[in-house]
Amino acid sequence: MPDDLKPYEPPSFTNRVIRFCLENKLVVGLIVLATVIAGVITAPFDWKISWLDRSPVATDAIPDIGENQQIVFTDWPGRSPQDVQDQVTYPLTVALLGMPGVKTIRSSSMFGFSSIYVIFEENIDFYWSRSRILEKLNSLPAGTLPPGVMPMLGPDATALGQIYWYTLEGQDENGQPTGGWNLQELRSIQDWYVRYALTTAGGISEVASVGGFVKEYQIDVDPDAMRAHKIKLDDVIKAVKMANLDVGASTIEVNRVEYIIRGIGFIKTLKDVENAVVAVNENVPLYVKNVARVALGPALRTGVLDKEGTEAVGGVVVVRYMENPLAAIDNVRKKIAEISPGLPSKALIDFRKVSTREIERFAGEHGFEAYDDGKLNQPGWTAWLKKTTADQRPEWVKLSQVAIVPFYDRTGLIHETLGTLNAALRDEILVTIIVIVIMVMHLRSSILISGLLPVATLMCFIGMKIMHVDANIVALSGIAIAIGTLVDMGIVICENILKHLDEADPNENRLEVVYRAASEVGGAVVTACASTIISLCRCLRCRGRKARCSSRSPSPRPSPSRHRSSWPSR
């Protein structure tokens, strides 16, 4: 049939797109420029661009293939595992079974505490499941749990949330270890200063303390003395509780000024506990010190933190769910640099090299007292040491300041993961240019095809940002593998265009020649690229939340929750 008698067939969608791109070069250029800028904004690489407000895709080293789970922890000190199982774990497990979206519940009972792992279906939102658990815990019927037992929900983190571990150590101005700090002092600094400061860093869910000793007021009662004075253990407990209270009263007015009356009773020293009145017999008060021995001691613990064979004190930083681990680590480092100058310091004196008389004489010459109430005058010594240098001090005294020393930092592993993609892009672009120049003998085509690789990679980062997919080793490896397919498609199109340009009439419109050549292979190229995209995106099942792979671990990995990371402090 002659060409003029053939029925008209409208061009396909692919051909219409090709025609539009050829006829609207400015629009295509603006789209490519916008894509490149958006890709640079979302790229996970640590690019420092002052004029561009970047929002990189979340970057981690390995993918999170853990269960969609939440952990409920309940503390019941002093109880056996069987008691915890019967009176805490079992009632809570039964109550949590009826929540929507629950796939299974696993639990464990140990001495003094219970752990319940509530595993939800994959399509259940992470924070929605947390709100449902809190709703259920707040609506438990009276008498479900023993009096005083309060279940709590673990932090909003996953099993891979532990991104930064550190220890607290004494160091001098040059960063050399000095010691001089015991485990109780370091643990108090960690619990009351460092932990709270690092929790304020952006993207951090929890900072848990590990190792050391938690200081306690410990009361060891004497059964014989209690029996002689007819005192029960509950009487001692009640007396200590009442002694550690501030009591508020009314007000009085003196000379038109109103004064608030209150009784201050908070315990500050051991004597405050010892002088608490337990009972009064014939107008004679009976104190705690008469029936018990009061002392400072460490709390019971079931684990330690070991560093190179030496017991240490430190903490673990847990990143919040769906936050960027790389950015969170950077925030933690900035916070550490901010609080480090304010960490406690003390003077260390080697009494093997100097006598007490020489210490007192030296301190007097420099305008401060060497001792205060029989102990070393730490404020005076530290103030003098901070004003001097190491060359101006005698060899028997040095300054020791607490420093935060990291021993696990995921930044290096993340940067190595990103370096893998960097190297793959660089090598493939170089190889593409060389191969196309040798085989096709056309420099501009090689530059055009090579330009596809970084642009396509930036487009992948935009899609990962929209679909909340982390840039981990699996995702970046998929991008590196797909680059080879993009190169093949670009070579096919460019080679076909070059062939048609060589065979076309010199007077023919070059735009029509390029359109005809691209249309011949356009459908096949789109089909090949679509199959690659679909095969690599088959794990992205959930839009609007963090994607999870279909392969699952047979047993749940407990997330670094408050109780898990606090076991060594028990």
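The values are calculated or read from the model by the stated rules, or taken from the named source; none is laboratory data. Just so we're clear, the structure is a prediction, and the values are computed from it rather than from any experiment. Note that we place each Cβ from the backbone using ideal geometry, even for glycine, and neighbour counts take in every protein chain shown.
Taking the conditions (1) in contact with a helix residue (DSSP H, G or I) (Cβ under 9 Å, 6 or more places away or on another chain); (2) surrounded by 15 or more Cβ atoms within 10 Å (Cβ to Cβ); (3) more than 30 Å from I62 (Cα to Cα) in turn, G367 satisfies each one other than (2).
The numbered conditions (1) without any contact (Cβ under 8 Å) to a residue 60 or more places away in the chain; (2) basic (K, R); (3) in contact with a Ser or Thr (Cβ under 8 Å, 6 or more places away or on another chain) are all true for K353 except (3).
Which strands (runs of 3 or more DSSP E) does region 232-350 wholly contain that include 2 or more residues that are touching a residue at least 60 places away in the same chain (Cβ under 8 Å) and of a type outside the set (D, E, K, R)?
292-298, 314-319
One residue is enough: does region 184-206 have a residue meeting the conditions in a strand (DSSP E or B), of a type outside the set (A, V, I, L, M, F, W, C) and at pLDDT below 90? No, region 184-206 contains no residue that is in a strand (DSSP E or B), of a type outside the set (A, V, I, L, M, F, W, C) and at pLDDT below 90. Quickly run through region 308-328 and pick out the residues that are surrounded by fewer than 23 Cβ atoms within 10 Å (Cβ to Cβ) and hydrophobic (A, V, I, L, M, F, W, C). Hits for region 308-328 are A312, V316, M322, A327.
Just name the residue that is farthest from G522 (Cα to Cα) out of those in region 441-467 that are crowded, with 20+ Cβ neighbours inside 10 Å and under 23 Å from the mean Cα position of the chain (by Cα). So, considering only residues that are crowded, with 20+ Cβ neighbours inside 10 Å and under 23 Å from the mean Cα position of the chain (by Cα), the one farthest from G522 (Cα to Cα) is K465.
Using the structure shown, decide if Y127 is assigned by TED's automatic domain parsing to the domain that holds Y321, under 21 Å from V319 (Cα atoms) and either in contact with a Phe, Trp or Tyr (Cβ under 9 Å, 6 or more places away or on another chain) or among the β-branched types (V, I, T) (or both). In short, no.
Close Cβ contacts (under 9 Å, 6 or more residues apart or on different chains) running from residues in region 12-38 that are exposed (fewer than 14 other Cβ atoms within 10 Å of the Cβ) to residues that are among the polar types (S, T, N, Q) comprise S12/S519. Scanning region 393-428 for residues that are assigned to a strand (DSSP E or B) and either touching a helix residue (DSSP H, G or I) at 6+ places or on another chain (Cβ under 9 Å) or farther than 30 Å from L305 by Cα (or both) turns up V397, K398, L399, Q401, V402, A403, I404, P406, D409. The lone criterion from (1) in the same structural domain as L385 (by TED's automatic domain parsing); (2) within 20 Å of R106 (Cβ to Cβ) left unmet by A201 is number (2). Within region 346-358, being within 18 Å of S400 (Cα to Cα) and not charged (D, E, K, R) holds for A347, L348, I349, F351. Taking the listed residues D488, D470, D505, the one that is at pLDDT 80 or above, surrounded by fewer than 18 Cβ atoms within 10 Å (Cβ to Cβ) and acidic (D, E) is D505, with no other qualifying.
Filtering L92, L22, L33 for residues that are modelled with pLDDT of 85 or more, under 26 Å from N509 (Cβ atoms) and either in a loop (DSSP other than H, G, I, E, B) or not basic (K, R) (or both) leaves a single hit, L22.
When residues in region 388-413 are screened for being closer than 16 Å to D350 by Cα, surrounded by 13 or more Cβ atoms within 10 Å (Cβ to Cβ), in contact (Cβ under 8 Å) with a residue 40 or more places away in the chain and touching a strand residue (DSSP E or B) at 6+ places or on another chain (Cβ under 9 Å), 5 of them pass. The conditions of being of a type outside the set (D, E) and in the same structural domain as Y117 (by TED's automatic domain parsing) are met by L153. Pick from region 95-122 the residues that are touching a Gly at 6+ places or on another chain (Cβ under 8 Å) and part of a loop (DSSP other than H, G, I, E, B): which of them is nearest to S80 (Cα to Cα)? Step by step, filter region 95-122, then rank; the result is G112.
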